[in-house]
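Let me begin by handing over the structure; questions about it come next.
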Amino acid sequence: MRKRFTLLASIAMGILAGQAAAPDWGVADTLEHYEIGPGIQYIKIRYESVPLTLWATTIDMTNPYNAIEQVQSNNAVPDLSRELVQDMSKRLTRPGHKVCAAFNHDFFSYDAGICIGLNASNGLISWSSGSGRSTFAITQDKTASVFFPVPQCSASLPTGESVAIDQFNWGIGYTNGDCVLFTNLNALTLDAEGRYIKLRPLGDWIINGEPTACEVLEVSDSPLQTSESDFVLFLRNTKRDALPGVAVGSEITISQKLIPGKFGTPPENILQAFHGYPSIAFEGKLHEGEYNDFENGREYELSCRTMAGMSQDGKTVYFVATELSENSVGINCIDIANWMLAHGAWNVVNFDSGGSTAIVVNHTMLNLPGRGSLRPVMDGVLVVSNAPEDSVVAHYTFSKSQLNVPIISMAPLTLMAQNQYKDIVERNVEGFTFRCEPAELGWVDDEAVFHAGETVMAGKIIAEKDGISAELPVSTRPVEGIHIAVDEVLIDSVRPYRINLEGSINGQVYTLDPAAFTWSSTNPSCCRIDEGVIKGLANGETTLTGTLGDLTVNLHVTVEVTPATLVHEDFADLTDYPLASTVANTLTLTHEGLPAGWSDGAVLRFDQKAGRNPYVELGKSYRLYSLPDSISLQINLSDEALAAIKHIRCDFTHQGGKNYWQPEYVPSHTGDQTITWAFAQEGGEYPIEDFPLTLQAIRLVLNAGSRSEVAIPLRDLRAYYPVKENSAVTPPVAESRFAWISTEGSPVLHYRLSRTGAADIALWTLDGRQLTAYTTTRELPGTYTYPLPDRFLTPGIYLVTIRANGQTQSLKFRVK
């Protein structure tokens with residue numbers, strides 16, 4: 001089964017508007033596009049033909065209620081450990097300082113425990129050695145710029161005595177400068193020989209602005225240490241006596257200057273700065289001599305990545321992140337830069353890529369990690385709302401800026417509540433009334449699903465709640481290749497079945513609304529059809545024909561009315577019953593020796609010899625009648641049989657004949673017991689298109705060893721059926737299943753939505769360490785898939801949890 005990408009609107013890149021040619025990635029589909037904070041636009045884009053998933057976040061720096069910040073991991077002193085970007089987002093969110101989005105910046109540090117390159121946080125340089133190939137800076141007046149950084153920093157006394165600062169927070173055991181300023185971001189214990197001057201800053205920090213005055217607290221020839229409030233200026237060798245007049249109580253001013261280098265001009269009053277590896281694009285085009293001089297060809301490396309850009313006036317900032325997974329390929333930084341140039345960027349720099357790549361919104365990492373596990377990093381980018389706290393709803397917004405869908409299609413709608421500053425105060429809001437203008441555009445049902453009309457047109461959907469309205473521009477388009485997804489379907493007399501109608505635009509498959517067709521039946525007595533939904537009435541077969549203008553589609557329907565239960569095998573006839581084993585000397589199935597109280601059934605007997613992969617198998621296949629919720633098999637185990645059996649497995653195939661499910665039962669006690677395997681529970685039934693199911697074999701997997709005269713009585717292979725919609729009559733079931741994992745090739749998670757909604761999926765190690773977290777977009781009822789990132793995982797067993805339909809399910813899978 002494949003995921004149906006239901007109604008992905010064509011990309012509406014009004015947030016970006018440039019001139020350069022973007023890579024030819026085919027048709028772009030906008031999955032999400034809305035404001036996540038004041039002037040902060042978030043967009044998720046899918047290029048299915050590549051395939052590629054891309055996130056673009058734009059920040060309007062003229063909005064007074066947002067900010068971009070550089071943050072070091074943990075902000076602890078000392079600190080040698082990295083931190084997950086989502087943890088940075090959570091930790092640094094507080095009233096009046098809400099982190100709306102966060103990105104990785106860099107993973108690397110050396111002995112100093114601080115991110116490499118020239119970075120600055122709140123006006124203070126954190127590290128300047130190896131200043132990097134470019135710097136992406138944000139000034140105090142919220143203007144972005146890109147330039148080649150050349151530090152020129154100094155410490156001065158009022159008497160005019162001055163010394164050039166060679167490094168910030170660098171390990172002083174190395175010969176890389178005789179004057180080092182250790183700030184409150186220092187991660188080292190200072191112990192080298194030299195002069196130590198402890199300073200306490202008296203004002204704020206800024207780069208290329210007014211120097212910062214500091215009070216001298218202590219002067220010593222023995223090591224002094226930094227703290228949250230106190231810095232240390234370290235002097236040695238030729239600069240040991242560079243400030244002969246310094247004394248306790250003196251005032252030293254620290255000047256942080258960045259002067260022009262190879263390209264660009266460092267602006268005044270820099271508040272935040274991020275080293276950028278090479279400049280990839282500069283002044284509207286690829287930066288010759290920079291982008292193509294990147295560590296022996298890394299500009300062509302295919303990976304996931306995070307990149308930053310700015311508009312020509314520096315008042316719009318762009319962050320772009322991509323995913324590397326089974327469903328999204330690696331992209332080189334040249335293509336991403338060209339994409340950004342084509343959509344409004346003027347300058348573009350490359351941040352760290354690969355396993356470090358992270359985009360975080362609402363404190364949740366949205367992309368799958370590029371190397372299979374979450375990677376803590378040394379520093380990050382925070383996009384912050386500093387608007388006043390306000391929980392009053394002032395606006396509602398759709399999760400997309402516009403909707404471009406086929407005619408006669410269905411699109412789930414998602415709305416969020418925002419306060420007056422455009423901060424999100426509630427997600428997935430319900431309780432709206434909807435109308436379409438013009439009315440011929442379509443209609444919205446009670447589950448907030450838009451049903452497009454039959455005519456190509458433009459219009460809008462208006463959602464209203466509590467006197468506040470939101471509008472969504474809509475364009476409907478012609479659709480091609482309209483067909484029913486399956487040629488035939490088996491239904492029962494309980495579960496309604498919506499006809500699975502599909503069409504395509506530019507190769508993209510969409511779910512269409514069967515209610516747009518007029519339906520007729522060759523046998524109306526066996527089922528009825530209403531608004532494209534079939535309900536079984538009596539046993540029989542029919543062909544349904546749907547008509548829309550000159551178009552007709554057909555579906556063959558078989559109805560098998562459900563009993564409460566049905567015994568598929570009572571073992572009364574054992575003639576030619578197929579048996580198989582890898583280790584049995586003797587293997588029989590007889591009626592002799594049934595347990596006391598059993599009037600029917602059979603006894604499986606065998607002698608077990610030593611051998612590899614030991615099992616015995618009952619190989620008779622059973623086509624299960626109708627759409628059962630579950631099946632059961634009764635067995636009776638002696639001490640000898642319990643010791644012999646490792647687990648009992650059923651092998652099922654679906655209507656297409658492919659391997660479908662192999663549930664296992666591990667017996668834990670002797671005597672009578674009923675094994676039950678569930679196909680449905682609490683509304684999470686298997687897809688109707690997969691029925692009928694066939695039980696191909698029952699395999700008893702054995703523990704290794706030799707045994708004689710093992711006897712296993714069994715009887716009543718029974719199926720259980722619902723007696724009314726969404727209600728099953730079953731004994732206690734072994735597990736509730738709305739999700740399962742297929743293992744043909746790479747493992748794929750399949751999950752069934754019984755109602756319109758989203759699924760929360762997380763990947764864990766068995767020791768409880770979370771590797772990924774992902775929330776799907778809101779989808780129509782149906783079956784969907786999520787590729788598991790096995791090629792990025794080390795061999796072992798992993799756990800997947802999925803929450804949907806008001807249920808949570810856990811599944812294990814193995815990476816070899």
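The values are calculated or read from the model by the stated rules, or taken from the named source; none is laboratory data. Bear in mind the structure is a predicted one, so any value in this text is a computation, not a measurement. Glycine gets a Cβ as well: all are built from the backbone with ideal geometry, and neighbour counts include every protein chain shown. Surface areas here come from the heavy atoms of the whole protein model, side chains and all, with no ligands, DNA or RNA. Shrake-Rupley method; radii C 1.70, N 1.55, O 1.52, S 1.80 Å.
Rounded to the nearest 5, what is the percent of antiparallel bridges among the DSSP beta bridges in segment 379-520?
Approximately 90 percent, going by the DSSP bridge assignments.
Now, a different point. Please give me the summed charge of the neighbours of residue 799: other residues whose Cβ is under 14 Å from its Cβ, Lys and Arg +1, Asp and Glu -1.
+2
Mind pulling the angle between the C-alpha long axis of helix 333-342 and the longest principal axis of the chain? Nearest 10 degrees, somewhere in 0 to 90.
80
Of 169, 496, 702, which is farthest towards the positive pole of the chain's charge dipole, taken about the Cα centre with +1 and -1 on the beta-carbons of Lys, Arg and Asp, Glu respectively?
Highest projection toward the positive end goes to 702.
Taking all pairs of distinct Cα atoms, average 1/r, flip it, and tell me the Kirkwood hydrodynamic radius of segment 471-517 in Å to one decimal place.
12.7
Follow-up question, since we're still on this one. Is segment 512-626 best put as rounded, prolate or oblate by its Cα gyration tensor, with a ≥ b ≥ c the root eigenvalues, rounded for a/c under 1.5, and otherwise prolate when a/b is larger than b/c, oblate when not? Let's see the in-between values first.
Values: a/c = 4.74, a/b = 2.64, b/c = 1.79.
In terms of gyration-tensor shape, prolate.
Looking at segment 335-417, which chymotrypsin sites (Phe, Trp or Tyr not before Pro) are in a loop (DSSP not H, G, I, E or B) and have at most 16 other Cβ atoms within 10 Å? Display every interim value, and only then the final one.
Details: sites: 339, 346, 351, 396, 398; in loops: 346.
Passing both the DSSP loop test and the Cβ count: no residue.
Taking 0.36 nm per intervening residue step and subtracting the Cα-Cα distance, what contour gain separates residue 81 from residue 668 on full extension? Walk me through the intermediate numbers first.
Details: separation 587, 0.36 × 587 = 211.32 nm, distance 4.59 nm.
Going from the current span to full extension adds 206.7 nm.
Have a look at the DSSP beta bridges in the chain and tell me what percent are antiparallel, nearest 5.
Restricted to the chain, the bridges split so that about 95 percent are antiparallel.
Suppose the chain between residue 200 and residue 462 were pulled fully straight at 0.36 nm per residue; how much longer would it get relative to their current alpha carbon spacing?
88.6 nm
Moving to a separate point now. With a cut-off of 8 Å between alpha carbons and a minimum separation of six or more residues, what is the relative contact order of the chain in percent?
Reported as a whole number, the value is 11 percent.
Calculate, for residue 428 and residue 812, the FRET efficiency according to 1/(1 + (r/R0)^6) with r their C-beta to C-beta distance and R0 35 Å; round to the nearest 0.05.
The pair residue 428/residue 812 has a calculated efficiency of 0.75.
Quick one: length gained pulling residue 62 to residue 530 fully straight, 0.36 nm per residue minus the C-alpha distance?
Details: separation 468, 0.36 × 468 = 168.48 nm, distance 5.39 nm.
My answer for the length gained is 163.1 nm.
Please work out the Cα convex hull volume for segment 434-569 and give it in Å³ per residue.
It is 155 Å³ per residue.
Output the peptides 509-518, 801-810 sorted from most to least packed, where packing is the average of other Cβ atoms within 10 Å over each peptide's residues.
Ranked from most to least packed, the peptides come out as 509-518, 801-810.
What list of ³J(HN,Hα) values in whole Hz, one per residue of segment 177-192 in order, does the Karplus curve 6.51 cos²θ - 1.76 cosθ + 1.60 (θ = phi - 60°) give from phi, with Gly and Pro shown as x?
Going residue by residue, I get x, 9, 9, 10, 9, 9, 9, 6, 9, 4, 10, 10, 8, 7, 8, 7 Hz, with x marking Gly and Pro.
On to the next question. Quick one: Cα centre-to-centre distance for segment 406-447 and segment 336-355, in angstrom?
Spelled out, the Cα-based centre of one part sits 33 Å from the other.
Same structure again: When the Kirkwood radius is taken over all Cα pairs of the chain, what Stokes-Einstein diffusion coefficient follows at 37 °C and 0.692 mPa s, in µm²/s?
Value of D from the Cα-based Kirkwood radius: 107 µm²/s.
Kindly report the accessible area of the chain per residue (heavy atoms of protein chains, probe 1.4 Å, no ligands, DNA or RNA), in Å².
Ligands and nucleic acids excluded, the result is 39 Å² per residue.
Further, regarding this structure: Would you mind checking the radius of gyration and Dmax of segment 27-76 based on alpha-carbon positions, in Å?
My reading of the Cα-based Rg and Dmax gives 14.7, 46 Å.
Now for a different question. Sorting check: for 520-528, 144-152, which peptide has the highest mean count of neighbouring beta carbons within 10 Å, and how do the rest follow?
144-152, 520-528
Please arrange 162, 632 by accessible surface area, largest first, computed with a 1.4 Å probe and ligands excluded.
Largest accessible area first, the residues go 162, 632.
What percentage of the solvent-accessible surface of the chain, computed with a 1.4 Å probe over protein heavy atoms, is contributed by carbon and sulfur atoms?
46
Further question: Per q in 0.09, 0.14 1/Å, what log10 I(q)/I(0) does a Debye calculation on the alpha-carbon atoms of segment 363-498 return?
Log-scaled intensity ratios, in q order: -0.45, -0.87.
Oh, and also: Spin-label point model (7 Å from Cα, Cβ direction): what's the residue 220 to residue 154 distance in nm?
So the two model labels end up 2.9 nm from each other.
Now for a separate question. Once the Cβ-Cβ distance between residue 193 and residue 27 is put in as r, and R0 is 60 Å, what FRET efficiency do you end up with, to the nearest 0.05?
Efficiency at R0 = 60 Å is approximately 0.35.
In segment 552-620, what trypsin sites (Lys or Arg not before Pro) fall in a loop by DSSP, with at most 12 other Cβ atoms inside 10 Å?
Hits after loop and neighbour filter: 612.
Using label points projected 7 Å from each Cα along Cα→Cβ, tell me how many nm separate residue 298 and residue 141, to one decimal.
A separation of 3.5 nm, rounded to one decimal place.
Right, here's the next one. Compute the FRET efficiency between residue 574 and residue 554 as 1/(1 + (r/R0)^6), taking r as their Cβ-Cβ distance and R0 = 41 Å, and round to the nearest 0.05.
The calculated FRET efficiency here is 0.40.
Taking a cut-off of 21 Å, what percent of all Cα-Cα pairs in segment 250-405 are separated by more than that?
Taking all Cα-Cα pairs of segment 250-405, the fraction more than 21 Å apart is 58 percent.
If you don't mind, another one. Under a plain spin-label model, where a point goes 7 Å from the Cα along Cα-to-Cβ, how far apart in nm are residue 213 and residue 758?
My value for the distance between the label points is 5.1 nm.
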